[in-house]
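First the structure, which I've put down as structure tokens, then a few questions once you've had a look.
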Amino acid sequence: MPIRLLPDTLVNRIAAGEVVERPAAAVKELVENAIDSGATRIDVVVRDGGKSLISITDDGCGMGPEELELAVERHATSKLPSDDLLDIRSLGFRGEALPSIGAVSRLTLTSRPKGADSAWALVVDAGAKGKPQPAALAGGTRVEVRDLFAAVPARLKFLKAARTELEHISDCIERLAMAHPKVAFTLADDARSMLRLSAAQGELLDARLTRLGALMGRDFQENAVPVEAEREGVRLAGWIGLPTLHRPTARHQHLFVNGRPVRDKLMVGAVRGAYADFLPRDRHPMLALFLEIDPQEVDVNVHPAKAEVRFRDQGLVRGLIVGSLKHALAEAGHRASSTVGVATLGALRPEGSSPLPYRTPQPASGASSGPWGGGAARWRDSYTPPAPPPRGLADRAAAFQAPLSGLEAAPAARAPEYAPPAPAAAPLDEHPLGAARAQVHNTYIVAQTSQGIVIVDQHAAHERLVYESMKEAMIGGGVKRQGLLIPEVVELDEASANRLAARADELAQLGLVLEPFGPGCLMVREVPALLGQADVKGLVRDLAEELSELGDALSLKEKLEEVCATMACHGSVRAGRPLNVEEMNALLRQMEATPHSGQCNHGRPTYVELKLADIEKLFGRR
Ligand SMILES: Nc1ncnc2c1ncn2[C@@H]1O[C@H](COP(=O)(O)OP(=O)(O)OP(=O)(O)O)[C@@H](O)[C@H]1O
Ligand SMILES: [Mg+2]
């Protein structure tokens with residue numbers, strides 16, 4: 001068979017195979033064109049998931065009749081003025097989207113440049129190009145794509161249900177809208193409005209948050225911290241969710257390079273690295289990050305749909321992301337996301353009813369067939385009925401003062417009249433984590449803030465504090481140690497003792513000084529100062545067990561998290577230890593001052609805040 005050049009229509013149809021694989025891809029190309037044209041509002045209407053109609057109207061620069069003719073030619077673009085593929089400043093640059101779409105649909109372009117007295121329209125029908133005709137349009141450009149893939153039935157067969165295609169279209173517009181907050185967007189399915197985004201106002205970073213809030217939800221808007229950093233001319237800005245706002249998939253991570261939504265392994269990996277300390281592997285943060293980089297430093301021409309990019313200096317980009325995300329999370333300090341409190345209230349409420357209907361609590365024994373739903377049953381099971389009324393008046397008064405069984409009032413709360421006068425400084429409950437009021441079940445600290453109450457898991461919080469200060473100390477050259485008055489001898493099996501002794505140097509850096517003391521025995525001389533009154537024997541035994549699990553391959557530094565958790569477990573403030581008010585307040589203040597103290601090492605919150613307004617709702621007062 002002779003070799004021959006394929007006709008243009010066929011060439012365009014082949015290109016369309018790569019560029020427009022489904023309606024959403026056509027929408028992406030056309031919306032990108034509208035953004036490139038400088039539009040401030042872009043209206044998209046689709047029918048049948050884009051299969052029978054896609055119409056995109058913008059108020060951008062527009063095109064005259066000659067430009068219209070050129071625009072639908074292959075490799076015709078206005079976006080590479082210097083012929084430099086390494087200097088791409090627009091979303092488009094290949095000059096192939098319109099001819100490709102025109103080859104597989106009936107494409108109508110109607111456009112009127114600024115200042116022109118009339119509009120012109122051009123039709124391309126399954127690759128057959130018409131002549132520009134006078135038309136009516138106030139300004140900007142309208143592109144209509146009808147019967148996409150009608151000329152390629154094979155492709156049509158692979159399309160999914162209209163609803164699915166519509167979802168893809170909506171996702172694609174949302175992603176582009178995130179990157180361009182100052183452009184207004186609408187999406188309608190026939191006459192039904194699906195998306196309506198007004199142009200966000202203000203400084204770019206604030207405008208971004210407004211736009212992200214509209215697309216990712218209020219929870220995100222309220223629980224995101226800003227990122228703004230620059231390194232060697234590469235700028236990173238955006239909003240990242242607090243670690244406690246995690247999700248089971250990475251679907252809510254949106255990454256952009258020079259205004260272009262991308263899926264980039266390097267960037268995803270860097271994000272994972274930045275959150276590694278705070279989240280288990282199977283949970284993912286919510287975030288939107290916008291990287292601005294000199295076009296010379298990134299190749300955007302490596303993927304048919306331009307969804308992937310290649311950085312010249314990968315280390316720089318990775319370092320910038322990891323560094324600035326960690327910094328931003330540290331700035332967030334003790335903050336845990338407000339969703340934690342809301343989720344807690346949800347759990348307290350009987351399912352399907354809100355607020356909680358008032359009923360006399362019943363003893364747990366008769367609970368199983370109660371009229372309440374599962375949520376209430378759970379709540380009721382944990383409810384301890386009040387003790388029978390005591391006989392004497394004095395007894396009754398005492399019962400009134402300590403009305404809740406299991407609640408250990410802290411000394412100051414028990415006798416408020418005798419509390420020492422508050423220091424002249426700001427009252428305690430104006431601190432973010434408030435003033436400690438009580439400890440319950442020797443495990444939780446209840447504090448009063450100006451707006452509600454805070455419940456702290458003292459063990460989880462202390463674990464995080466120890467971890468953070470150990471990390472800090474490690475960076476500063478070693479953890480502060482405290483000598484034991486009488487060195488403690490710990491008996492272990494011989495293998496464990498040897499294993500620990502072999503790691504004595506590393507352990508010393510972490511603040512634990514020990515040495516072999518005969519077969520199977522170790523002598524502990526010093527412990528990390530920040531553990532306070534540590535349970536040395538328990539600590540050493542648990543560490544030995546952990547070392548046998550970790551194996552020899554990893555350095556303790558790499559396993560700092562586990563080791564610290566073990567150490568913190570045997571430190572002074574752990575679950576089950578009673579604390580006095582001073583100790584509790586000290587812990588709260590320390591949390592406020594410590595980065596990342598809002599969550600434990602596994603993304604669980606260390607405290608829960610309940611707003612007064614929500615508590616009132618819970619009791620039906622609102
Ligand atoms: N909405 C629009 N407003 C103004 N001009 C447009 C619009 N859409 C397309 N054009 C013009 O038509 C040209 C061709 O568009 P097309 O999408 O085919 O290629 P491109 O955007 O240059 O590159 P790519 O194929 O990478 O998208 C553009 O370069 C631009 O000059
Ligand atoms: Mg284009």
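The values are calculated or read from the model by the stated rules, or taken from the named source; none is laboratory data. All values derive from a computational prediction rather than experimental measurement. Counting neighbours? That spans all protein chains shown, and the Cβs are built from the backbone with ideal geometry, glycine included.
Picking from ARG208, ARG283, which residue would you name as being under 20 Å from ALA177 (Cα atoms), touching a Gly at 6+ places or on another chain (Cβ under 8 Å) and basic (Lys, Arg)? I'd like the intermediate steps shown before the answer.
Working: ARG283 fails: under 20 Å from ALA177 (Cα atoms).
Unique residue meeting the criteria: ARG208.
If you scan the range 86-138, which residues turn out to be in a loop (DSSP other than H, G, I, E, B), among the small types (Gly, Ala, Ser) and on the phi < 0 side of the Ramachandran plot? Walk me through how you get there before you give the answer.
Of the range 86-138, the ones in a loop (DSSP other than H, G, I, E, B) are 86-96, 104-105, 113-118, 126-127, 130-132, 136-138.
Right, trim to among the small types (Gly, Ala, Ser) and you get 90, 92, 95, 105, 115-116, 118, 126-127, 130, 136, 138.
Matches in the range 86-138: SER90, GLY92, SER105, ALA116, SER118, GLY130, ALA136, ALA138.
Would the range 22-36 turn up any residue that is outside any helix (DSSP H, G or I), under 30 Å from the mean Cα position of the chain (by Cα) and in contact (Cβ under 8 Å) with a residue 40 or more places away in the chain?
Initially, the range 22-36 is screened for residues outside any helix (DSSP H, G or I), giving 22.
Subset that is under 30 Å from the mean Cα position of the chain (by Cα): 22.
Checking which are in contact (Cβ under 8 Å) with a residue 40 or more places away in the chain leaves us with 22.
Yes, the range 22-36 contains a residue that is outside any helix (DSSP H, G or I), under 30 Å from the mean Cα position of the chain (by Cα) and in contact (Cβ under 8 Å) with a residue 40 or more places away in the chain.
Quick one: would you say ALA128 is closer than 28 Å to ALA162 by Cβ, more than 16 Å from ligand 2 (Cβ to nearest atom), out of contact with any Pro (no Cβ under 6 Å at 6 or more places or on another chain) and at pLDDT 95 or above? Please lay out each step first, then the result.
Numbers: closer than 28 Å to ALA162 by Cβ: yes; more than 16 Å from ligand 2 (Cβ to nearest atom): yes; out of contact with any Pro (no Cβ under 6 Å at 6 or more places or on another chain): yes; at pLDDT 95 or above: no.
Criteria not met by ALA128.
Taking the residues in the range 94-123 that are within 11 Å of ligand 1 (Cβ to nearest atom) and of a type in the set (Val, Ile, Thr) as candidates, determine which candidate is nearest to LYS28 (Cα to Cα).
ILE101
Suppose we filter the range 576-593 for residues that are crowded, with 20+ Cβ neighbours inside 10 Å and closer than 27 Å to ALA328 by Cα; how many remain?
Final tally of qualifying residues: 4.
Going by what's in this entry, would ARG155 be described as basic (Lys, Arg), surrounded by 13 or more Cβ atoms within 10 Å (Cβ to Cβ) and part of a strand (DSSP E or B)?
On the way: basic (Lys, Arg): yes; surrounded by 13 or more Cβ atoms within 10 Å (Cβ to Cβ): yes; part of a strand (DSSP E or B): no.
In short, no.
Now a separate question. On the given criteria, is LYS471 over 25 Å from GLY603 (Cα atoms), touching a Leu at 6+ places or on another chain (Cβ under 8 Å) and of a type in the set (Lys, Arg)? Before you say what the answer is, go through the steps one by one.
Working: over 25 Å from GLY603 (Cα atoms): no; touching a Leu at 6+ places or on another chain (Cβ under 8 Å): yes; of a type in the set (Lys, Arg): yes.
No, not satisfied.
A further question follows. Here are the criteria: (1) within 22 Å of LEU176 (Cα to Cα); (2) in a helix (DSSP H, G or I); (3) over 13 Å from the mean Cα position of the chain (by Cα). Tell me which single one GLY273 does not satisfy.
The number of the failed condition is (1).
How many residues does the range 46-75 hold that are within 11 Å of ligand 1 (Cβ to nearest atom), at pLDDT 90 or above and in a loop (DSSP other than H, G, I, E, B)?
Narrowing the range 46-75 to residues within 11 Å of ligand 1 (Cβ to nearest atom): 56-64, 67-75.
Subsequent filtering for residues that are at pLDDT 90 or above retains 56-64, 67-73.
Retained after the next criterion (residues that are in a loop (DSSP other than H, G, I, E, B)): 59-64, 72-73.
Of the residues in the range 46-75, 8 are within 11 Å of ligand 1 (Cβ to nearest atom), at pLDDT 90 or above and in a loop (DSSP other than H, G, I, E, B).
Another one. Kindly indicate whether ASP87 is farther than 15 Å from ASN12 by Cβ, away from ligand 2 (no atom under 14 Å from the Cβ) and out of contact with any Ser or Thr (no Cβ under 9 Å at 6 or more places or on another chain).
Details: farther than 15 Å from ASN12 by Cβ: yes; away from ligand 2 (no atom under 14 Å from the Cβ): yes; out of contact with any Ser or Thr (no Cβ under 9 Å at 6 or more places or on another chain): yes.
So ASP87 fits the description; yes.
Quick one: in the range 159-214, of everything that is in a strand (DSSP E or B) and of a type outside the set (A, V, I, L, M, F, W, C), which residue is surrounded by the most Cβ atoms within 10 Å (Cβ to Cβ)?
ASP189
Next question, about the same structure. Does ALA16 satisfy the condition of being within 14 Å of ligand 2 (Cβ to nearest atom), in contact (Cβ under 8 Å) with a residue 60 or more places away in the chain and closer than 28 Å to ARG312 by Cα?
Working: within 14 Å of ligand 2 (Cβ to nearest atom): yes; in contact (Cβ under 8 Å) with a residue 60 or more places away in the chain: yes; closer than 28 Å to ARG312 by Cα: no.
Here the answer is no, as ALA16 does not meet what is asked.
Hey, another quick one. Out of the residues in the range 90-108 that are within 13 Å of ligand 2 (Cβ to nearest atom) and hydroxyl-bearing (Ser, Thr, Tyr), which is surrounded by the most Cβ atoms within 10 Å (Cβ to Cβ)?
Ranking the qualifying residues of the range 90-108, first place goes to SER100.
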